[in-house]
1. Could you sort 368-378, 348-358 so that the peptide with the highest average Cβ count within 10 Å comes first and the rest follow in order?
2. Exactly which GluC sites (Glu not before Pro) in segment 242-292 are in a DSSP loop and have at most 10 other Cβ atoms within 10 Å?
3. Counting alpha carbon pairs within less than 8 Å and at least 6 residues apart, what relative contact order, in whole percent, applies to the chain?
4. For a paramagnetic label modelled at 7 Å from the Cα of ASN435 toward its Cβ, which residues of segment 387-421 fall within the zone defined by backbone nitrogen distances under 20 Å?
5. Over segment 1-86, what relative contact order in percent results from Cα pairs under 8 Å that are six or more residues apart?
6. Could you give the length gained by full extension between ASP343 and ASP162, i.e. 0.36 nm per residue of separation minus their alpha carbon distance, to one decimal place?
7. Sort ILE23, ILE430 so the one with the fewest other Cβ atoms within 10 Å of its own Cβ comes first.
8. As I understand it, the dipole of the chain uses +1 on the Cβ of Lys and Arg and -1 on the Cβ of Asp and Glu, about the Cα centre. Which of PHE45, LEU84, SER356 lies farthest toward its positive end?
Amino acid sequence: MLDLISLVSFFILVIIGWITYKIYIWPVYITPLRKIPGPPSESLFYGNFKTIMTEERTCLKWVQKYGNIIKHHEILNQPALLILDTKIIQDILLNHVYDFIRPPYMLADAIAIAGRGLVFAEGENHKRQRKMMNPAFIHNNIKEMVPTFIRVAFTLKSLIEDKVNLGESEINLTSYLSKATLDVIGLVGFNYDFNSLTSSNELAEAYESLTNAPNSALRIGINYFSSFIPSIREIPIDINKQFKNGCAVIDRVSKKLVEEKYKAAESGELKGKDLLSLLININKTLPIEEKMTDNELKYQIMTFLLAGHETTSITISWALYYLSKYPHMQDLLREEVVKAFPDKSKFNPTFDEINSLEYLNCVVKETLRLNPPVLVTSRLSTKDEVFGGYHVPKNTVIMIPFSILHRLPEIWGPTAAEFDPKRWLDPSLIKNVTNFNYLPFLAGTRACIGNKVALTEFKILLSMLIRNFVFKPIEGFNIKRRFIPLDKPDPYLGLSVSKVEN
Ligand code: HEM
């Protein structure tokens, strides 16, 4: 009996020792990264992760104190690097892009939802998919999407107008904007009409349940550990059941969409200008070794949804938030839009017309500077590296924090923290801005493939709203930021809305 107790005690001591070594002794005293300056860890569980995601001011102080290469601690206290040095960023994102992969944590669920489409493909697989997909995103194809953006913008405008006409002036715009951009990406991405602005839909519901469930500790824990212990997803609890049901709906609907398009392509009838039709038509012309598989094509559907839906609606939300806070900027933008499109019932801009509006362009750039929906990107080094004279071993997690780079006073001046669209017209400031210190769409080989789609869609939806409505903050309604997984207004963007009378 005593022996059994000793054995169990010994076993427990070994486990405690191993955990202590992994999350305390190694990260603090042994890792080669300990020689790199940085803040002390704030928690054995979160490390400095929460601060990095939510406290830009503290991070800016770290940059002043420790420089552009900062050691910090990730979840479970694991040592990692924050990189703000633009030369090193260029190496990671461009010159040696395939030496840095996405870290495995949090990846299993994302891959279960979106598969190894473009966002989650690595190495040669990514190279092949990207080469094949680039032609679908050329200028001329995006021009063809403009009528769809305008059509959805009119539906959005009518629904908000109906509310205002009913005397409901305080409106939750998050829900409208999210539905509008979902409808847009469904139509331009794979010619699928979610119609979510006006009805419910099983794919929209599955997608919503997977991406917008509340951030409980259990959900985050399962999400994190499922990358290392996949069987966690097999435990029969509600969170896992919902997850599996959601993935099953996405799989079934995406498969059907690809099959239908394949059939149309075989009989030579696939004339659609949506991205999936373009991809299938491009795929037909490629040699076998460059072709996308059926599964890869199916994965792109969810990839477009995940990458292109909320990112765009959140950007419009923040723009409206700032414009409601600063009415003179809202007036300036409205003047520009009214001047370009005097008759609001015939708002029908072309791609070139909408992109020629100077102040609108400044508003989108400034919104994406202060509130890039993707706050940070992470990579894992697959080789030993030397950064700024420091040895960085293989398997180091590296974070590039866009929101901090976008607020550095040495680039953006003393008003870096303020929303000021006109800064983009100041040549002395703009000369400091490069592809590797202003990164709302990333840069280099893995930069956002949909950035022109997003910018044009943003401009058309925002112009439609500003042309038709006046937005003001609701007294006493406090809007905060929810940082994870994307930086969005919390609890939602609620604004007081009235009609522009003439
Ligand atoms: C304002 C809207 C958008 C923002 C701010 C944005 C931002 C980004 C960022 C930062 C990345 C790089 C992520 C990383 O590697 O960690 C990215 C990648 C990507 N985005 Fe976007 N995006 C937006 C809209 C869109 C749209 C509309 C689409 C599709 C039509 C799209 C498709 C993609 C894809 C496929 C990738 C992966 C590219 C690759 O790895 O080669 N995005 N986006």
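What follows is calculated from the coordinates using simple rules that are stated; it is not laboratory data. Model, not experiment: these values are computed from the prediction. Neighbour counts are summed over all protein chains in view; Cβ atoms, including those assigned to glycine, are modelled from backbone coordinates with ideal geometry.
1. Values: 368-378: 21.2, 348-358: 15.3.
My ranking of the peptides, most packed first, is 368-378, 348-358.
2. Details: sites: GLU259, GLU260, GLU266, GLU269, GLU289, GLU290; in loops: GLU269.
Those that pass, being in a loop and sparsely packed, are GLU269.
3. Numbers: 676 pairs, mean separation 108.6, N = 502.
RCO, the chain: 22 percent.
4. 400-403, 405-406
5. On the way: 96 pairs, mean separation 25.3, N = 86.
It rounds to 29 percent for segment 1-86.
6. Numbers: separation 181, 0.36 × 181 = 65.16 nm, distance 2.00 nm.
So the extension gain works out to 63.2 nm.
7. Details: ILE23 19, ILE430 12.
Result, fewest neighbours first: ILE430, ILE23.
8. Checked the options; the winner is LEU84.
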